[in-house]
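These notes concern the structure reproduced below.
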Amino acid sequence: MNKFAKLLAVPAVVVATLATVLPASAAVSAPSVPRYVKGTGGLHSVTIRWSSPSSTGGSAITGYTAKISDIYNNTQSCDVNASTFTCTFNSGLVDFRSYYATVKATNAIGTSINSPTTTVAPYGSPLKPHIYYGYYDSVNHDLTIRFLTRSPYPGATYTVIANGSTEVCTTAKTSCVQHNVVLSPNRDQSGANFAETLSIYQTIGSEQSPVENNTEYLYSTGCTTTCDVPVVGTYLMINGGSLAGADLRNIRAYSSYFSGVNMTGANISNSSFSGTVFRSVNMSNVTANTTSFLSSYWYDTNVNGTSFVNDNWNHASSATVTGTPAQLPGRVVAGHIICPLVYMSGVDFTGQDLSNLNLSGIDFTWANLTNANLNNSTAVAFFLHSNVSGATFTGATFINPSTKTSVSSAGLTGTPSTLPTDWFVANGFLVGPGAFLSNRTGFDGIDLSNRNLRGVQFAGDTLNNVNFAGSNLSGASFKNAVLNNVNLGGANLASANLSGASGTVSGTPSALPWGYKISGGVLSPR
């Protein structure tokens, strides 16, 4: 062997060692999961889209499988080739039902695990839109209509047709402008108001929604040819102009805004102005019978001579209102419309006369009633954190026997100068027969001994170290209340509701409701 042969000869042990440390060719495997999986709802269909995996596994992708299933395990699959990144399912689906989609990739070696789940739902047939706002330009004769629709569908279009229009408006937006709209006088008001029948529908693909037919009344009383005319409907925004003497019966004007409008002598009976703002509006001599003013707002508005009869004032609020209504279940006090159920939170009634009023359901939370006169009022109201310093309640009614409702209070500041018989202020509460004090805090250590507390509501309260000794608690409710070291010595609890009450007591009551006992300082059912 020559020297070159010796150099080339490699011992077998070296060859074996090198085989263990030198890298082998990369292993081939199934691909990783498809990325960016997304579902899109369509008309009676869903489409799943995705992107290729981050790794093919060393072998070319041969195809993808998309799968959808619902909560009832109804499953469908779709197989596509390697160059396709979408699948559409359009058979056997339930409209608006959620479907859970996954995608997996396949190569010559195997199939990936499923992608993370994405949720998608098919749309149903087009839904009927609803007209909620319109505005008529009486100079250019253009009628702008805006409308509402549930969850606008991709690719949907809307069509609006107004009687007398020479042009059909089709748009993908939720508003339409009708040009050259010709209006005719209606209701025999000398051209003062007009009616227009509007048709609107939604189209998706080959399907059309039912038609929304809506007759909207347009008012122009007192306007000149340069005056824009509002269409009366939901979500109106009317700034200025005149609706004097207008017939506004049976309209819906939810959450609308009337500013600087002259509505003198208008008839708004049987209409709804829920959530509507009236600012600087002349509403003198208006007729409002069975009208809803639920959660409405009144500012700088004249209501002189207006007849409010059987109206809904629940949670309405007002300020700087002027005039004296001809009819109202209350009166205007310091610029505020005061009648049952209105919202007077934070209002300053210092020294004001609220006597002989029905204040039932009024929210006086944080109101200042210092030296206010509430004599002979029906004060079944909410006095939460109110200032009642020096207020007079002589002859006031704090409980309504027919409705079983009562005055509700907590966190009061100050002490009234007079209260009805058997009523008093303790720990910031108005306490007396039938008082509503359920689900309150702040009774710790309060002395309620030798009092007439018949029918008081303590349901859900935690009563720590309260002294009820000698008090009349007949018919009172302690339902689910916690009584810790409560003194019931000599107290009359006949017919009291003790359902769910628990805790420790001291003393022996003069009477307990049937089925209850005190043993070892513990109140419990027999």
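The values are calculated or read from the model by the stated rules, or taken from the named source; none is laboratory data. Remember, predicted model here, so these are calculated numbers, not experimental data. Don't worry about glycine lacking a Cβ; one is built from the backbone with ideal geometry, like all the others, and counts go over all protein chains shown.
Please go through the stretch 483-512 and give me each residue that is surrounded by fewer than 16 Cβ atoms within 10 Å (Cβ to Cβ) and not small (G, A, S), ordered by number.
Passing the criteria: N484, N485, T504, T508.
Mind checking whether some residue in the stretch 494-512 is in contact (Cβ under 8 Å) with a residue 24 or more places away in the chain and under 17 Å from L437 (Cα atoms)?
Looking through the stretch 494-512, at least one residue is in contact (Cβ under 8 Å) with a residue 24 or more places away in the chain and under 17 Å from L437 (Cα atoms).
Report, ordered by the first and then the second residue, all pairs with beta carbons closer than 7 Å, sequence separation of six or more or different chains, a first member in the stretch 295-313 that is of a type in the set (D, E), and a second member that is crowded, with 17+ Cβ neighbours inside 10 Å and assigned to a loop (DSSP other than H, G, I, E, B).
D311/T291; D311/F293
Could you list all residues from the stretch 240-274 that are of a type in the set (D, E, K, R) and in a strand (DSSP E or B)? Don't jump to the end; show me each part of the working.
Just the residues of the stretch 240-274 that are of a type in the set (D, E, K, R), to begin with: 247, 249, 252.
Residues satisfying the conditions are D247, R252.
Six or more apart or on different chains, Cβ under 9 Å: which pairs go from a residue in the stretch 31-47 that's assigned by TED's automatic domain parsing to the domain that holds F96 to one that's outside any strand (DSSP E or B) and charged (D, E, K, R)? Could you list them?
L43/D95; H44/D95
Go through I48, I71 for me and flag whichever is under 26 Å from P126 (Cα atoms) and outside any strand (DSSP E or B). Let's see the steps before the verdict.
Working: I48 fails: outside any strand (DSSP E or B).
After applying the criteria, what remains is I71.
Kindly check whether there is at least one residue in the stretch 18-28 that is surrounded by 12 or more Cβ atoms within 10 Å (Cβ to Cβ), among the hydrophobic types (A, V, I, L, M, F, W, C) and at pLDDT 95 or above. Break it down stepwise before answering.
To start, the set of residues in the stretch 18-28 that are surrounded by 12 or more Cβ atoms within 10 Å (Cβ to Cβ) comprises 28.
Adding the requirement that they be among the hydrophobic types (A, V, I, L, M, F, W, C) leaves 28.
Pick out the ones that are also at pLDDT 95 or above and you get none.
Scanning the stretch 18-28, I find no residue that is surrounded by 12 or more Cβ atoms within 10 Å (Cβ to Cβ), among the hydrophobic types (A, V, I, L, M, F, W, C) and at pLDDT 95 or above, so the answer is no.
Within the stretch 144-205, considering only strands (runs of 3 or more DSSP E) that don't extend past its boundaries, which have at least 2 residues that are at pLDDT below 60 and closer than 30 Å to G265 by Cα?
193-204
Name, by its number, the condition in (1) out of contact with any Gly (no Cβ under 7 Å at 6 or more places or on another chain); (2) surrounded by 19 or more Cβ atoms within 10 Å (Cβ to Cβ) that does not hold for G520.
(2)
Of the conditions (1) on the phi > 0 side of the Ramachandran plot; (2) more than 36 Å from the chain's Cα centre (by Cα); (3) of a type outside the set (S, T, Y), N439 clears all except one; give me its number.
(2)
Has the stretch 366-386 got at least one residue that is β-branched (V, I, T), at positive phi and under 32 Å from the mean Cα position of the chain (by Cα)? Reasoning before the result, please.
Step one: list which residues in the stretch 366-386 are β-branched (V, I, T), which gives 370, 378, 380.
Among the residues that remain, those that are also at positive phi are: none.
Among the residues of the stretch 366-386, not one is β-branched (V, I, T), at positive phi and under 32 Å from the mean Cα position of the chain (by Cα), which makes the answer no.
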